[in-house]
Amino acid sequence: MTGYEYVTPEQLAGFDKYKYSAVDSNPLSLYVMHPFWNTVVKVFPTWLAPNLITFSGFLLVVFNFLLMAYFDPDFYASAPGHKHVPDWVWIVVGILNFTAYTLDGVDGKQARRTNSSTPLGELFDHGLDSWSCVYFVVTVYSIFGRGSTGVSVFVLYLLLWVVLFSFILSHWEKYNTGILFLPWGYDLSQVTISFVYIVTAVVGVEAWYEPFLFNFLYRDLFTAMIIGCAVCVTLPMSFLNFYRESGDMCASSLRGAKRIGFMR
């Protein structure tokens with residue numbers, strides 16, 4: 001809106017004092033992905049802007065979405081009796097998904113490597129991540145589709161909300177604690193999704209028609225993994241981190257009050 005002040009002068013001044021603080025405790029990230037990203041970032045020239053890396057990764061996610069939308073416009077391509085997505089498409093989508101995930105992990109390292117970290121860069125990164133939440137889920141949905149062995153559109157809608165809720169929750173956590181505790185579900189899901197795309201190209205979507213366990217179909221496993229990760233991992237860890245950091249801040253405030261004589 002013209003003339004509307006979205007950011008106050010006080011908020012703009014706060015950008016100069018802002019410092020990015022994040023904690024990543026996921027074993028997959030610590031022992032596998034971060035060493036890999038530390039190697040990859042050395043390939044990039046120092047003149048390459050971190051925001052360009054961020055945007056390039058986002059474009060790959062969008063490209064995957066558009067590619068699957070072309071071959072599976074109504075989400076019926078994976079259903080029995082329908083023309084399936086070509087195997088090479090799954091391979092391309094799997095490789096590009098992992099590449100986008102890698103670029104998302106490397107952009108911050110490039111910023112620190114070139115001393116170009118800024119609050120605006122973080123806002124740009126996380127803003128694109130919020131859009132990617134939709135593209136990731138909708139693209140992987142094509143693996144199962146809407147057929148008799150697939151997932152209903154209503155369930156897809158709920159899954160989109162679960163993923164967006166997890167994303168918002170992590171930033172609510174940061175708003176209250178000052179620290180971004182990176183959710184475990186993100187790294188696990190990206191590696192798993194990339195792997196499943198490649199597996200789909202090898203075994204075909206027909207493999208997902210069979211029950212995974214008893215009458216528990218792979219579509220149910222897909223749904224349970226997303227909801228279970230949010231409810232059993234992301235949600236409890238966010239509240240645990242919130243109460244832990246809140247307790248530390250309260251204890252710090254009490255110690256400060258004692259030092260200046262407000263408390264005995």
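The values are calculated or read from the model by the stated rules, or taken from the named source; none is laboratory data. Since the structure is predicted, the reported quantities are computational estimates derived from the model, not experimental observations. Virtual Cβ from ideal backbone geometry, glycine too; neighbours counted across all protein chains shown. For the accessible areas, the whole protein counts, side chains as well, though only heavy atoms, and no ligand, DNA or RNA atoms are used. Shrake-Rupley method; radii C 1.70, N 1.55, O 1.52, S 1.80 Å.
Structure data summary
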read-out	value
So Val138, is it within 20 Å of Val199 (Cα to Cα) and either under 19 Å from the mean Cα position of the chain (by Cα) or at pLDDT below 95 (or both)	yes
Some residue of the range 81-90 being within 28 Å of Leu123 (Cβ to Cβ), among the charged types (D, E, K, R) and either open to solvent by 40 Å² or more (accessible area, probe 1.4 Å) or more than 20 Å from the chain's Cα centre (by Cα) (or both)	no
All positions within the range 106-124 that are part of a helix (DSSP H, G or I) and at pLDDT 90 or above	Val106, Asp107, Gly108, Lys109, Gln110, Ala111, Arg112, Arg113, Phe124
Residue list for the range 152-192, filter: farther than 29 Å from Phe239 by Cβ and in a loop (DSSP other than H, G, I, E, B)	Ser152
Candidate set from the range 12-42 (those that are within 22 Å of the chain's Cα centre (by Cα) and hydroxyl-bearing (Ser, Thr, Tyr)); member that is most open to solvent (accessible area, probe 1.4 Å)	Tyr31
Among the residues listed as Phe212, Phe195, Phe144, the single one being closer than 30 Å to Leu240 by Cβ and either aromatic (Phe, Trp, Tyr) or not in a helix (DSSP H, G or I) (or both)	Phe195
Hits in the range 163-211 - residues which are open to solvent by 60 Å² or more (accessible area, probe 1.4 Å), under 22 Å from Asp87 (Cβ atoms) and aromatic (Phe, Trp, Tyr)	Phe195
Test: Gly127 is in a helix (DSSP H, G or I), open to solvent by less than 60 Å² (accessible area, probe 1.4 Å), in contact (Cβ under 8 Å) with a residue 60 or more places away in the chain and within 23 Å of Leu182 (Cβ to Cβ)	no
Subset of the range 100-127 (residues that are closer than 14 Å to Ser194 by Cβ and touching a Ser or Thr at 6+ places or on another chain (Cβ under 9 Å))	Ala100, Tyr101, Leu103, Asp104, Gly105
Helices (runs of 4 or more DSSP H) enclosed by the range 1-82 - at least 1 residues per element that are in contact with a Lys or Arg (Cβ under 7 Å, 6 or more places away or on another chain) and farther than 27 Å from Trp184 by Cα	none
Residue count for the range 156-203, restricted to those that are touching a Phe, Trp or Tyr at 6+ places or on another chain (Cβ under 7 Å) and among the aromatic types (Phe, Trp, Tyr)	1
Selection count, the range 43-80, where residues are aliphatic (A, V, I, L, M), open to solvent by less than 80 Å² (accessible area, probe 1.4 Å) and either free of Cβ contacts under 8 Å to residues at least 60 places away in the same chain or over 30 Å from Leu120 (Cβ atoms) (or both)	7
